[in-house]
Amino acid sequence: MNRRVLRAMSAALAAMLLFSACGGSSGGSSTASTAEGTASTAGTASTGSNSSEKIVTIAQTGDWDTFMPMNTTNAGADSVIELMFDRLMVINTDGTFEPRLAESWEINETSDKITYHLNPNAKWHDGEPVTAEDVVYSAQVASSADFTYPRRIRMQYFGGTDDSGMELSPDGIQVTALDDHTVEFTLKTPMDPAIIYAMVNRDFFIIPKHLLSGISDADLATDAFWQNPVGSGPCIFDSTISGERVEFTANKDYYLGAPDFDRLVFRKVQSSNLLAGLISGEIDILSGNTQIPFQDWENAQAQENLVTESIPTFAYQYMAMNTSRDYLSQEVRQAFSLAINRDVLVDQLMMGEARPAIGPLPEDHQYFNQDLLPIEYDPDRAAQMLEEAGWDPNRELEMLVSTGNEVREKSAVLIQQDLAKIGVKTRIQTLDFPTLLNMAREGNYDLCFIGSAGSVDPSESVPNVTVGYMNNFTQLTDPTIGQVGESGAKEVTFEARKPIYDEYQMLLKDQMPMAFLYFTNTLFAYNNRLSNIPASTTDYNINKNVWEWKVA
């Protein structure tokens, strides 16, 4: 009897018992809906909590859309989820990896099996041990035909899945528990394990089999469990006010060390209020995907109570262009890119705390194709290209920008001005990021602004130009770019992969489905009552190892 049948039977039995005991009312837990029990300032106790509690407040400008790790591609949600759930490893920007749930790992001589050895002290927040079966279950859910995992394409590297990462048969993904704390991932072909370490593990959070396996895969994302989730991470869910805050208590039994705080408050804060909150002490630290506004950076550096760092990253921003619009032809898209003054974006808007981008890899990335240089800016030639393409100067394009990201909003205005200089009219529409993502996925836009965390691995951007992938925001129907990019993942050595990703980057520039804009520095700041914060950001370790922090 397979896992799905067992789940269905368990769910049906649970439903009958619940109905008979409760008259059919729901027995699911609910989240807090009032301000009681929430902290208003850092270092002070929540209403109704012990006045001696040590509280840390993290601020983020973006929204979170779910607590279910496999039901989002939103970095704002990831930054909350990362506190509650564990990945197998910590990923550093220099290409190195550190233990998290896996205390060690190795790949076999033929480079087609990766074995992870789990920390034997890891426990779920209900006290049950985390085991290899939880990792197997998480992989099965991620590849399940009955569950729509937005990042499922990453699972395609494992045996038993198709090219989209979906299982070929029920529970067919080749991930095996060798014992309670050892799990083996079998790859379809020999490959560079860095792709798995840097890309799959970036998004692959482990969820509890003993609490979830009785729920059908089809119902898992919407189950009441996610209103009061149980994870294995350094923070334990306590309450939430939708769109405003999430509160956690510290997991004092965390296997990597007890956090040096009692309560953590994760707040949504407008970017214009970040510096004031840090100066007053209402905010202790910024989330890894949130930064000080550029216009406040000099003032932030002058504050005696703040520690500030400008950290170069692989994170990039781009303007997606809807290739399904017949008026946004390849020549038109190239003209748009040529018209964008990236130096103004970097030097004036971001005060030099960024780098211009012509592709998904910065110039100092080991896989960067030097033939992409110099990055061109030529509005006269862009205008000529538009005229030759038959552009209608009366057409007005809709440009989508998410609220809360001040740099994107201001970038959009500058690019709107750049496009106006070559005779292109645009109308900016601002909306929350989850709504923007949905509209981009459905192709209901002309131009929109999106970002990515980037990666030490050059394949990071490939899914977004892969036909059929949900984050193919540009609506590409030509599979060439994705196929070339994916072929690089099947090579084992740098020497074999480099020419493939050189070609991949040139194809991106030629077809221009998106205009890459800039690589951001993280303008990071935190109150000096905190210490032992990792000195540099990591690829997707977005909250910087909260279990290591020291709190005065």
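Where a number appears in this text, it was derived from the coordinates with a stated rule and is not lab data. For clarity, every value in this text was computed on a predicted model and none was experimentally measured. Cβ coordinates were reconstructed from backbone atoms using ideal geometry, including for glycine residues, and neighbour counts include every protein chain displayed.
A few remarks follow.
- In whole angstrom, the chain maps to an equivalent ellipsoid with semi-axes of 37, 30, 23, each derived as √(5λ) from the alpha carbon gyration tensor and ordered largest first.
- Stretchable slack from ASP219 to GLU503, in nm (0.36 nm times residue separation minus alpha-carbon distance): 98.1 nm
- Working note: Karplus 6.51/-1.76/1.60 with θ = phi - 60° gives the stretch 196-205 the couplings 5, 4, 7, 9, 5, 5, 4, 10, 9, 8 Hz, where Gly and Pro are set to x.
- About the Cα centre, charge dipole magnitude for the chain (Lys/Arg +1, Asp/Glu -1 at Cβ), debye: 860
- Applied to the stretch 463-475, the Karplus parametrisation 6.51 cos²θ - 1.76 cosθ + 1.60 on θ = phi - 60° returns per-residue 3J(HN,Hα) values of x, 6, 10, 9, 4, x, 7, 4, 9, 6, 4, 7, 6 Hz, with x for Gly and Pro.
- Other-chain or far-sequence residues with amide H under 5 Å of LEU400's (modelled H): GLN429, ASP446, LEU447, CYS448, PHE449
- Taking 26 Å as the straight-line reach from the Cα of LYS425, the lysines in range (excluding those fewer than 8 positions away in the same chain) are LYS410, LYS509.
- Reachable lysines from LYS544, criterion Cα separation under 25 angstrom, eight or more residues apart if same chain: LYS54, LYS123, LYS252, LYS268
- Kyte-Doolittle mean at least -0.5 and Cα axial length at least 20 Å: DSSP H helices in the chain: 3-22, 406-421
- Extension gain (nm, one decimal) between GLU396 and ALA276, 0.36 nm per residue minus Cα-Cα: 39.3 nm
- Compared with the alpha-carbon gap, the fully stretched path from SER531 to GLN417 is longer by 36.7 nm at 0.36 nm per residue.
- With the simple model of a label 7 Å out from the Cα in the direction of the Cβ, SER52 to ASN438 spans 4.8 nm.
- Proximity of backbone amide H atoms, modeled 1.01 Å from N, is registered between LYS54 and ASP262, ARG263 at under 5 Å, excluding neighbours fewer than 5 places apart on the same chain.
- 3J(HN,Hα) along the stretch 232-238, derived from phi through the Karplus expression 6.51 cos²θ - 1.76 cosθ + 1.60 where θ = phi - 60°, amounts to 10, x, x, 10, 9, 4, 10 Hz, with x in place of Gly and Pro.
- The alpha carbon centroids of the stretch 281-321 and the stretch 198-243 are separated by 29 Å.
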